[in-house]
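The values are calculated or read from the model by the stated rules, or taken from the named source; none is laboratory data. All values derive from a computational prediction rather than experimental measurement. For neighbour counting, all protein chains shown are included, and Cβ atoms are generated from backbone atoms with ideal geometry for every residue, glycine included. These area figures cover heavy atoms from the full protein model, side chains too; ligands, DNA and RNA do not enter into them. Shrake-Rupley method; radii C 1.70, N 1.55, O 1.52, S 1.80 Å.
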Amino acid sequence: MNTRLVKVRAADLDSEAGRKAIADAAAGIRAGGLVAFPTETVYGLGANGLDEDAVARIFVAKGRPQDNPLILHVAAPDEVRPLLKAVPARAERLMARFWPGPLTLVLPRSPLVPDVVTGGLDTVAVRLPDHPVARALIAAAGVPIAAPSANLSGRPSPTSADHVLADLGGRVEMVIDGGRTTVGVESTVLDVTTNPPAILRPGGVTREQLEEFLGAVAGPESPAPGATPGAKASAGVPAAVERPRAPGMKYTHYSPAASLMLFIGPPDLVVRTINERAAAEGREGRRVGILTVDEHLGAYQGGAATLLVSLGPADDGRAAATNLFGCLRAFDIQGVDVILAEGVDEAGIGLAVMNRLRKAATRVITVDWG
Ligand code: TXA
Ligand code: MG
């Protein structure tokens, strides 16, 4: 298949060329095609969410397990009504406060939603993205758009059209290039069927924001490193046998080709430990990448690393989120064998960054003085 790449920035939506590109993409969606498009979080791989065959093609293009449900994206809050059994008052308030934006709500679904979208669950995930190009596309399509992140299953999520093409070029009809995404990590998935609501996946709307608005919030459970289906739990605790509440969270995710070791602890000690480890890996003939922050770049210069990549300033969690997936892909492009990554502060959006790093990691190493 030939993948058509079309550049549409927010500013182009008023131009004739922009309107035509969106109309073409929307026609592609209505015809059962796959269109990758930008959102404020990551790029999505979209199909008509009410068309079973079109949605089934998403799973094939991504190599995604069938039991991992998709989010339905809408262009206005009212468009969720036909998709849901009911809209509880609490959900209404969440939509009014956080939409458009990086918050996905899980609610009981209506019969209109095909099983292939929800993996057979009786709930559906809905979201109104805060990106003018995404909203123009959904509005023009006139149907909810089912869209997972537009990466091959298991790879880091795409934050630019280049990332999408690298993974899905030749597998989808069209990619809309809307530039780099701003939030950089996926939406927060909030289960609103429980009391209190539970964070199933930390993301662009922070736990602190939700707590402030709702009072109490449950979750998220921290993921095991490199979690795989059927993986054994550590420390003698049996692996959970019940169905995970966020089915997607049990799969390996965000994995660069290199193995990633995540180091957590006092910053000075983390830097020292990573330098020692880099030297040891280098002696074994492995190419080493280090994921760090601006302030620590100097401490690694002249060391054993082949590639030093910074998430940004240490105190800027938003920058770390924006840059994270692009950084992970940069290591792959350079072909490093092992990535040594510094953990970040889990306050605010740092919780989502650390969630993705833990899931990308093959090993998590906690260091401490003494
Ligand atoms: O920011 C985002 O959310 C991006 C953009 C494109 O909107 N989308 C995204 O989709 O990250 P995806 O498919 O990569 O992740 C959706 C997550 C998965 O962990 C999935 O298991 C969970 O949402 N999910 C979807 N429907 C669910 C449901 N009914 N119950 C529980 N979890 C659900
Ligand atoms: Mg994904």
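Looking at Leu112, Leu72, which is the one that is assigned to a loop (DSSP other than H, G, I, E, B) and either at negative phi or away from ligand 2 (no atom under 15 Å from the Cβ) (or both)?
On the way: Leu72 fails: assigned to a loop (DSSP other than H, G, I, E, B).
Matching residue, one of Leu112, Leu72: Leu112.
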- request: Specify the residue that is farthest from the chain's Cα centre (by Cα); the eligible residues are those in the stretch 348-370 that are in a loop (DSSP other than H, G, I, E, B) and over 12 Å from Leu260 (Cβ atoms).
  value: Gly370
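Tell me the strands (runs of 3 or more DSSP E) entirely within the stretch 1-58 that contain at least 2 residues that are open to solvent by 10 Å² or more (accessible area, probe 1.4 Å).
On the way: elements: 4-7, 35-37, 44-48.
So the answer is 4-7.
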- line: Exactly one of Asp332, Asp315 is of a type in the set (D, E, K, R) and not in a helix (DSSP H, G or I), and that one is Asp315
Answer residue from the stretch 164-184, given it is of a type in the set (Asp, Glu) and farther than 18 Å from Glu40 by Cβ and is farthest from ligand 2 (Cβ to nearest atom) among those: Glu173
- line: Residue hits (the stretch 124-163; within 16 Å of ligand 2 (Cβ to nearest atom), charged (D, E, K, R) and open to solvent by 30 Å² or more (accessible area, probe 1.4 Å)) are Arg155
Tally of residues being part of a loop (DSSP other than H, G, I, E, B), in contact (Cβ under 8 Å) with a residue 40 or more places away in the chain and among the aliphatic types (A, V, I, L, M) across the stretch 75-91: 2
field: Long-range neighbours under 7 Å by Cβ, at least six apart or interchain, first residue open to solvent by 10 Å² or more (accessible area, probe 1.4 Å) within the stretch 107-118, second in a loop (DSSP other than H, G, I, E, B) and among the acidic types (Asp, Glu)
entry: Pro108/Asp122; Arg109/Asp122
statement: Taking first residues from the stretch 139-155 that are not assigned by TED's automatic domain parsing to the domain that holds Val116 and second residues anywhere that are within 15 Å of ligand 2 (Cβ to nearest atom), the pairs with Cβ under 9 Å that are 6 or more apart or on different chains are none
query: On the given criteria, is Thr194 among the polar types (S, T, N, Q) and either modelled with pLDDT under 95 or within 16 Å of ligand 2 (Cβ to nearest atom) (or both)?
result: no
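Within the group Asp332, Asp345, Asp337, Asp316, which residue is more than 17 Å from the chain's Cα centre (by Cα), closer than 20 Å to Thr182 by Cβ and open to solvent by 30 Å² or more (accessible area, probe 1.4 Å)? Full working, then the answer.
On the way: Asp332 fails: closer than 20 Å to Thr182 by Cβ; Asp345 fails: closer than 20 Å to Thr182 by Cβ; Asp337 fails: closer than 20 Å to Thr182 by Cβ.
Among Asp332, Asp345, Asp337, Asp316, only Asp316 is more than 17 Å from the chain's Cα centre (by Cα), closer than 20 Å to Thr182 by Cβ and open to solvent by 30 Å² or more (accessible area, probe 1.4 Å).
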